[in-house]
Amino acid sequence: MHTAEIGIIGGSGLYSMPGLTGIEEVAIETPFGAPSDPLVLGTLEGRKVAFLARHGKGHRILPSELNFKANIYALKSLGVTSILSVSAVGSLKEEHKPTDFVIPDQFIDRTFARSATFFGDGIVGHVGFGDPVCPLVVDTFVKACEEVGVVGKKGGTYICMEGPQFSTRAESNLYRSWGADVIGMTNLQEAKLAREAEISYATLAMVTDYDCWREGHDDVTVDQVIAVMHQNSENAQKVVKAAIRLLPTDLSASPAQTAAKFAIMTDRSVIP
Ligand code: ADE
């Protein structure tokens, strides 16, 4: 039976995890369909990990097309108790510069075409989401950035937009007026589903651009995102590797680990 302790979801700029030993690729089917790609299982820093390329090999799945439920279900079915997620983001503040890492602790949902719950179909449940990421994983990412010697800012608000088009300038300025820090297209649904699945989750957000709000500067382009991503992917890999070593084995203090315990409202006698 295949198992893993730590899941890594690699986004734009992190399509593989060098250093994994004893690699095995496993195609997993879930009740929600197939995940973005076969999972790559192996050992890193003495721990069993499962790597998933969020957008699939060759980056072929749009943010709105991602099967978030299959991705999280597949990791859960391996026994994963924590997920280290990596994503490219745009900066909404001058101080977050391209190549910096931000480890967000809040989200704002600007998506409108995604399903992000395992509940439904006769079972009603509501998990707490006031603190949407796991503080233990956040602290681990922060320490890992320190160890690697890169800028890793603790906390901040991640706007999750639908895409695939980048924001209008009016939207970008609106998000700035809300005090948001970074913008991306993928992480909130993962955080919601990981919480329902009682998996401790946080995101290492890699700043690639200043979106389109910064006067006197060019608006974000894919070329720019890719250039910074390539420049920075080695750092992201180093941070993830250090985070795997530093992540506590005991996650019982994480709010995620018991999130679904009191979440279900449906009378159990009517659940088939
Ligand atoms: N990913 C990287 N840069 C982005 C931006 N400016 N907006 C949305 N997603 C992004």
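Rule-based calculations on the coordinates, nothing more; no lab input. Predicted model only: the values in this text are computed from it and were never measured. For neighbour counting, all protein chains shown are included, and Cβ atoms are generated from backbone atoms with ideal geometry for every residue, glycine included.
Just checking, how many residues over segment 10-48 are within 16 Å of the ligand (Cβ to nearest atom) and either aromatic (F, W, Y) or touching a helix residue (DSSP H, G or I) at 6+ places or on another chain (Cβ under 6 Å) (or both)?
4
Which residue pairs have Cβ atoms closer than 7 Å, lie 6 or more positions apart in sequence or on different chains, and pair a first residue in segment 162-188 that is farther than 22 Å from A202 by Cβ with a second residue that is among the β-branched types (V, I, T) and within 10 Å of the ligand (Cβ to nearest atom)?
F166/V220; S167/I183
Only residues that are under 20 Å from E24 (Cβ atoms), surrounded by fewer than 24 Cβ atoms within 10 Å (Cβ to Cβ) and among the hydrophobic types (A, V, I, L, M, F, W, C): list them for segment 57-106, please.
A70, L78
Output the residue which, of all residues in segment 95-143 that are under 22 Å from W178 (Cβ atoms) and aromatic (F, W, Y), is farthest from the ligand (Cβ to nearest atom).
Checked segment 95-143; the qualifying residue farthest from the ligand (Cβ to nearest atom) is F129.
Give segment 172-192 a look and list any residue that's within 11 Å of the ligand (Cβ to nearest atom), polar (S, T, N, Q) and more than 17 Å from the chain's Cα centre (by Cα), or say none.
S172
State the number of residues belonging to segment 218-272 that are in contact with a helix residue (DSSP H, G or I) (Cβ under 7 Å, 6 or more places away or on another chain) and within 26 Å of V89 (Cα to Cα).
9
Please find, among G152, G130, the residue that is out of contact with any Asp or Glu (no Cβ under 9 Å at 6 or more places or on another chain), among the small types (G, A, S) and within 24 Å of S91 (Cα to Cα).
G130
Is it the case that segment 27-47 has a residue that's assigned to a loop (DSSP other than H, G, I, E, B), farther than 27 Å from D109 by Cβ and in contact with a Ser or Thr (Cβ under 7 Å, 6 or more places away or on another chain)?
yes
Could we say that R169 is within 16 Å of the ligand (Cβ to nearest atom) and within 30 Å of D267 (Cβ to Cβ) here?
So R169 does not fit the description; no.
I'm told N232 meets every condition in (1) assigned to a helix (DSSP H, G or I); (2) touching a residue at least 12 places away in the same chain (Cβ under 8 Å); (3) surrounded by fewer than 21 Cβ atoms within 10 Å (Cβ to Cβ); (4) within 16 Å of the ligand (Cβ to nearest atom) except one. Can you identify the failing condition by its number?
Unmet condition: (3).
Among the residues that make up segment 81-94, is at least one of them more than 16 Å from the ligand (Cβ to nearest atom) and among the basic types (K, R)?
no
Only residues that are more than 9 Å from the ligand (Cβ to nearest atom) and either more than 26 Å from K241 (Cβ to Cβ) or assigned to a loop (DSSP other than H, G, I, E, B) (or both): list them for segment 148-159, please.
Within segment 148-159, G149, V150, V151, G155, G156, T157 qualify.
For segment 68-147, which fully contained strands (runs of 3 or more DSSP E) count at least 1 residues that are closer than 21 Å to I6 by Cα?
Counting at least 1 such residues, we get 82-91, 101-103.
Taking the options A242, A256, A260, name whichever one is assigned to a loop (DSSP other than H, G, I, E, B) and touching a residue at least 40 places away in the same chain (Cβ under 8 Å).
A260
So, in segment 197-213, how many residues would count as being within 20 Å of A116 (Cα to Cα) and crowded, with 24+ Cβ neighbours inside 10 Å?
Within segment 197-213, residues that are within 20 Å of A116 (Cα to Cα) and crowded, with 24+ Cβ neighbours inside 10 Å number 5.
Determine whether F118 is in contact with a strand residue (DSSP E or B) (Cβ under 6 Å, 6 or more places away or on another chain) and either buried (at least 16 other Cβ atoms within 10 Å of the Cβ) or β-branched (V, I, T) (or both).
no
Restricting attention to segment 47-65, which residues are without any contact (Cβ under 8 Å) to a residue 24 or more places away in the chain and under 23 Å from E234 (Cβ atoms)?
G56, G58 - these are the residues of segment 47-65 that are without any contact (Cβ under 8 Å) to a residue 24 or more places away in the chain and under 23 Å from E234 (Cβ atoms).
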